[in-house]
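Written below as structure tokens is the structure these notes are about.
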Amino acid sequence: MHGHLNLDIPPRLAVLAPQAVGIGLRSAHHHAFLAQPEAIDFVEVHAENFMAAGGAARAMLKEVRRARPLSLHAVSLGLGSALGVDTVHLGKLVSLVQEFEPALVSDHACFCRAQVPGNPLAVHGADLLPLAFTDASLDILASNVNRVQEALQRPMLVENLSAYLQLEDSTWAEVDFLAELCRRTGCGLLLDVNNLVVNVLNANHVERNARVDDTLLAQAACRWLDALAGHRHVHLGEIHLAGHRAPQALGDLVVDDHSQPVNDSVWQVHDHAMRLWPHAPRLVEWDVDLPPFDALLAQVAQARQRTATLVNRHA
């Protein structure tokens, strides 16, 4: 086991203003963002899109970083992979972090690399694959997170996954599994509330159909948040907001495709999360069927307004 970064409140996770709201910045919106960077508090980009040295993408990221604080969200470390973290990939992430000094660095509680019979090389799944919540997978995940944090010389955030199957050999509840990861490694948690809602739908905790009651759906996801809040040592470093396509028929699988505005059930879970962690920064993600930039700004404004309403209600 690698060394434990024993930081109660990691200093580099606290540089964003309380209740900051940012966007996941995609290439189609680069110019629109640079024309009015003051409209948002920070931006998040997928780290893998900027790992090549030099070039137009890296130059653009420098402009973005000069305009606003930056969050680097990785999608390919494979923190739960039994083969460990790819050293080349990790080296590129370290270089990116050293150059751009982001406020946050994150990846997912998943695996993506594995050995396939008959293939001498590790195979990358090109997806975020779910973990069994077992002691063995927790040991692997914690070891890999510690290795990444030691290389980065800072704590990272680990995101809860939207998963499309449940592994029968799990012996931990997901929320306890992630809380124990935070305890062992000193990492923070990136809470994706849309993932919680999608998982509730796909696990049939509520009936899946096109007209599922948003409040019942939100209540099921909020119970997950209440369980997390019971783990006082967990540092919640960021909240992700996104939308997904509603299921069209009973039994349809709901895919976390980030193709829609944040829906009412996700907003309700967001509000509950902000009651529990009132200073957490929020990030609006939209990856498929990108809308005009103004539509993202409207989502940012809605997040700010809902938080202001919560504050005024409890003043």
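The values are calculated or read from the model by the stated rules, or taken from the named source; none is laboratory data. Note that the coordinates shown come from a computational prediction; the quantities given were computed from them, not determined experimentally. Neighbour counts are summed over all protein chains in view; Cβ atoms, including those assigned to glycine, are modelled from backbone coordinates with ideal geometry. For accessibility, only protein heavy atoms count, side chains too; no ligands or nucleic acids. Shrake-Rupley method; radii C 1.70, N 1.55, O 1.52, S 1.80 Å.
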Of A218, A57, A273, which is the most mobile in a GNM of the chain whose springs link Cα atoms less than 10 angstrom apart? A57
Could you order L152, L121 by accessible surface area, starting with the largest, using a probe radius of 1.4 Å? L121, L152
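For the peptides 284-293, 103-112, what is the packing order when you average, over each peptide's residues, the other Cβ atoms within 10 Å and list the highest mean first? Don't skip to the end; give the middle numbers.
Values: 284-293: 16.4, 103-112: 25.1.
Highest to lowest by the protection proxy: 103-112, 284-293.
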Cα-centre dipole for the chain with unit charges at Cβ (Lys and Arg positive, Asp and Glu negative), debye to 20: 820
For the pair D294 and Q98, how long in nm is the line joining their label points, each one 7 Å along Cα→Cβ? 4.5
For the chain, give the share of DSSP beta bridges that are antiparallel, in percent and rounded to the nearest 5; count only bridges with both residues there. 15
Express in Å², to the nearest 10, the accessible area of C182 obtained by rolling a 1.4 Å probe over the protein heavy atoms while all chains stay in place. 10
I'd like the Karplus ³J(HN,Hα) series for the range 41-50: coefficients 6.51, -1.76, 1.60, θ = phi - 60°, whole numbers in Hz, and an x wherever there's a Gly or Pro. 8, 7, 10, 10, 10, 6, 4, 5, 6, 10
In the Gaussian network model of the chain, springs joining C-alpha atoms below 10 Å, which of G55, G80, G91 carries the largest mean-square fluctuation? G55
Between A82 and A203, what is the label-point separation in nm under the 7 Å Cα-to-beta-carbon projection? 2.4
Say a site is exposed when it is one of the trypsin sites (Lys or Arg not before Pro), sits in a DSSP loop, and has at most 11 other Cβ atoms within 10 Å; what is then the longest site-free stretch of the chain? 1-210
The answer for A280, listing residues at least 5 apart or on another chain whose modeled amide H is closer than 5 Å to its amide H, is Q19
Of T87, V116, S137, farthest towards positive along the dipole that unit charges on Lys, Arg, Asp, Glu beta carbons give the range 26-175: T87
With a 1.4 Å probe and every protein chain left in place, work out the accessible area per residue of the range 136-201 in Å², rounded to a whole number. 31
Given an 8 Å cut-off on Cα distances and at least 6 residues of separation, report the relative contact order of the range 103-146 as a percent. 32
